[in-house]
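Below you'll find the structure, written out as structure tokens, and then a few comments.
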Amino acid sequence: MRRHTAPERPSRAITSSIERKLGFDMSLRAVGLLSPGDMGHVVGRVLITHGMPVLTCLAGRSGRTRMLADKAGIKAVPTYGDLVSETDMILSILVPGEAENAARTVARALRDTGKTLVYVDCNAVSPATSRRIDEIIRDAGSRYVDASIIGPPPRRDGVTKFYCSGPDVGAFEALAGYGLDIRPLGPVIGLGKGIKMVYGALTKGLTAISTQLLIAAFKMGLYGDLVDLFEETQGVQYKRMLRAVAGMPHRSRRWISEMEEISRTYEDLGMTPKIYQGAAEFYRFVGGTPLADETAETVDRERTLRQVIKMLCDELA
């Protein structure tokens, strides 16, 4: 039987640094996680591997989420009151459309328990939404960090970056000692979300555009000719399509609200929101197909880009 050894705890020097960043007269005992989904459970596993206990509340969560939490070694507690009582920091990693309600749930638990902690929202929401969450958490007597995650789940070093901003950003920086790549952007709430909005506008926006144009070419009988042209003149972009478009459908439902948040960000900046409203509508279409019912565990990784496009064309018909 394979033996597992407990991860080393940080040195007293690191612990003292964490205490200074937190502003607490205590060490960071444990981190709460909302919620251990595709991204969250891997973030939780990284923290646990580096010696930080991670807790979650699974009330109302799916069987798959429970399985992922167990797989990562994340401890489940019965209620949100227990979660805030037993942790000093909460990371919110959810579908963007759930971010504000999750903050309200935690705020109620904070008021009920009288606990104070640091709430770090890592979701792909607009700066305006982040400022509302900041108000919700601060009204409950706790501190807020505006954060975002750039990159895939952190299954290896160097691929996932946590950008963050706000007056209490130093508290979140403490987790750099537990395996996270944390990049502060300053004391202004909204910057942590802003970089995610413009980055996602490129990555997920380009995937929506790419998928739609490939469907259009397929419906006109031009798919093969277009692929030949891409390989001749747009090799880098076509290689990206092979990876990004083929792997998109099972993520499409989560990306609807992210596109909506990007559109709100653009509108708040005085630019047209319609480009990303259209991307949200496209992901809503894909999210209504059987391809979107797959999960990271069940997706057919041998399915080709052409097969994905044909299946989406069939759904249009």
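The values are calculated or read from the model by the stated rules, or taken from the named source; none is laboratory data. Keep in mind that what you see is a predicted model, and the values were worked out from it rather than measured. When we count neighbours, we look across all protein chains shown, and the Cβ atoms used for this are built from the backbone with ideal geometry, even at glycine.
Worth pointing out:
- Residue list for segment 54-87, filter: among the polar types (S, T, N, Q) and either part of a helix (DSSP H, G or I) or modelled with pLDDT of 95 or more (or both): THR56, THR65, THR79, SER85, THR87
- Looking across segment 267-279, just one residue is of a type in the set (Ser, Thr, Tyr) and surrounded by 14 or more Cβ atoms within 10 Å (Cβ to Cβ), and that is TYR276.
- Top-ranked residue in segment 261-317 [being assigned to a helix (DSSP H, G or I) and among the basic types (Lys, Arg); ranked as farthest from LEU214 (Cα to Cα)]: ARG264
Here's the yes/no breakdown for (1) modelled with pLDDT of 95 or more; (2) β-branched (Val, Ile, Thr); (3) in contact with a Phe, Trp or Tyr (Cβ under 6 Å, 6 or more places away or on another chain); (4) buried (at least 18 other Cβ atoms within 10 Å of the Cβ):
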site: ALA216; (1), (2), (3), (4): yes, no, no, no
site: GLY224; (1), (2), (3), (4): yes, no, no, no
site: ILE256; (1), (2), (3), (4): yes, yes, yes, yes
site: THR265; (1), (2), (3), (4): yes, yes, no, yes
site: GLU281; (1), (2), (3), (4): yes, no, no, no
site: ARG303; (1), (2), (3), (4): yes, no, no, no
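- Once segment 70-80 is narrowed to residues that are over 19 Å from VAL106 (Cα atoms) and either of a type outside the set (Asp, Glu) or not assigned by TED's automatic domain parsing to the domain that holds ARG111 (or both), the residue that is surrounded by the fewest Cβ atoms within 10 Å (Cβ to Cβ) is LYS71.
- Count of segment 25-44 residues which are assigned to a strand (DSSP E or B) and either under 9 Å from PRO153 (Cβ atoms) or among the small types (Gly, Ala, Ser) (or both): 1
- Considering residues of segment 148-197 that are in a loop (DSSP other than H, G, I, E, B) and under 21 Å from ARG104 (Cβ atoms) only, the residue farthest from the chain's Cα centre (by Cα): ASP168
- Among the candidates VAL120, VAL106, VAL145, the residue that is assigned to a helix (DSSP H, G or I), among the β-branched types (Val, Ile, Thr), in contact (Cβ under 8 Å) with a residue 40 or more places away in the chain and crowded, with 22+ Cβ neighbours inside 10 Å is uniquely VAL106.
- Residue check, THR49 among the polar types (S, T, N, Q) and touching a Leu at 6+ places or on another chain (Cβ under 9 Å): no
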